[in-house]
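Comments concern the structure below.
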Amino acid sequence: MRKNISIKRAVITPYLLSMLVILISIHAVIILVFLNWESRINKFKINKTSLMIHQELQTIKHLDKASTIKLINNKITAFAITQGNQPSLNINIIYKNIFFSTESTESIHNYKKKIGKFQFILKNKNILIRKNLLFKFGDQEIYVQICSNSDEFKNDTIILMNSLFFSSIFIIIISLGVVRKINKIIQSPIHEIIKTVKKINKHDLTKRITIINSNNELGKLSVVINEMIDRLEISFKSQNKFISNASHELRTPLAVIKGYADLLNAGAKSDPVMVDRGIEEILKEVSSMENLLKKLLFLARKENNILKDNIIPFEISRLIQELMEKQQLIDKDHNYKIIRNKSAILNADKDLLFQALRELLKNSSKYTLKNREISIDSFYRRKYHYIVIKDQGKGILKENLKHVFERFYIEDESRNRQKNSFGLGLSTVKDIIELHNGNIYIESEFNIGTSITIKLPKYI
């Protein structure tokens, strides 16, 4: 549940923040446009009113000071009454230091500086726009100030802000619904992945994630997970197959050993021939079991990365000579031949390399008819040492070549059981060669023979 909440937050939070930034930006633009519009409207009203006042005052003839002021007052008062449909304007008359309206407190000197200019004034938390006008009657100067009333502007602003506020709430609510729908669409494949992965275990590796769209990130992730499960399934099947084969093979030598032990215990030990045969067969089966245990031990050591402790420099030509002499002594049914045996110092695990080469020779001897040739060619070329083992055996089918180095792979199960093979031979060889940063290649033609090439660096 907490994971689902975290996923939802991860999806919704950036979206909401982006939306808030966009809404604030839109509101700011709208308010600026509104303020500019209101300012233009108020300036237009002031200019229109100033023109009308000017036309009214043009009808006044020059009189004495007192009469002029009185007449101007009457004219302005009458004008203000007739213009009562413009409540957004206040009209003040200033004659030197005598004010018709108490709204203004500035001196006549300050008014002279601002004749004909628009002024923006902050008063009582309200923004006002005003303009000062000058009218001359002979030697008399009359100053008229027209000022916008902020009440109407304030009302318009309140209406605008309320509209923006409620529209924002509406947009956020709609957006949350959209985000929830999008979130559901996004999370659906995630839940499908989680659901499928939970069903996968060592007893059931057949489940796969349904891929709707392999082009997006979740689709690609699903493909990778499915491929990983494929590899796990193949690995588990191979290991189960190996365990089954190994169990069968171990059961046979154990049965043979037990049979001969029972036979000897039942009285056959008095017969020298039966004793010798029993001991020989028991030792043969023990040797087979020992070979299997060695291979399993090698795999365990490899998995724990403890194989590189025995890397030492040694002469490869001596190892090849010793290997061929021992193999010829053990196997007299085939002709072993050294093509080339060039001298070179290699840094490697001598025992492991000897084991790998002997395994290849044993494998060749299993599938090569009697009196046929098995050769080895050892030479140095371009900073690498090559060892090529060729036989004239049965060969390997082309479709099976890509599998021969796979761990636990057995090409012909019935044939390999007869030869005491446990599916570890060539895989073990490949592991040993790769441990030395080398490569191994195989070429084979069915019923003609097989050639295996090992490429090793001089220094690991």
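Computed quantities for the displayed model
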item	result
Residue in the range 306-316 that is acidic (Asp, Glu), out of contact with any Gly (no Cβ under 7 Å at 6 or more places or on another chain) and not in a helix (DSSP H, G or I) present	yes
Flag if Ile374 is closer than 18 Å to Val404 by Cβ, assigned to a strand (DSSP E or B) and in contact with a Phe, Trp or Tyr (Cβ under 8 Å, 6 or more places away or on another chain)	yes
Residue in the range 322-339 that is modelled with pLDDT of 80 or more, exposed (fewer than 12 other Cβ atoms within 10 Å of the Cβ) and touching an Asp or Glu at 6+ places or on another chain (Cβ under 6 Å) present	yes
Matching residues in the range 327-349 - criterion: being free of Cβ contacts under 8 Å to residues at least 12 places away in the same chain and out of contact with any strand residue (DSSP E or B) (no Cβ under 9 Å at 6 or more places or on another chain)	Leu329, Ile330, Lys332
Subset of the range 405-460 (residues that are assigned to a loop (DSSP other than H, G, I, E, B) and at pLDDT 85 or above)	His436, Asn437, Gly438, Phe446, Asn447, Ile448
Matching option when the condition is modelled with pLDDT of 75 or more and under 19 Å from Ala28 (Cβ atoms), among Ser188, Ser167	Ser167
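Let's see how each residue does on (1) within 24 Å of Leu293 (Cβ to Cβ); (2) surrounded by 11 or more Cβ atoms within 10 Å (Cβ to Cβ); (3) of a type in the set (Val, Ile, Thr); (4) in contact with a strand residue (DSSP E or B) (Cβ under 9 Å, 6 or more places away or on another chain):
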| position | (1), (2), (3), (4) |
| --- | --- |
| Ile186 | no, yes, yes, no |
| Ile200 | no, yes, yes, no |
| Leu218 | no, yes, no, no |
| Ser222 | no, yes, no, no |
| Lys237 | yes, yes, no, no |
| Ile243 | yes, yes, yes, no |
| Lys258 | yes, yes, no, no |
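The values are calculated or read from the model by the stated rules, or taken from the named source; none is laboratory data. From a predicted model like this one, the values you see are computed outputs, not experimental measurements. In this analysis, Cβ positions are derived from the backbone assuming ideal geometry, glycine residues included, and neighbour counts consider all displayed protein chains.
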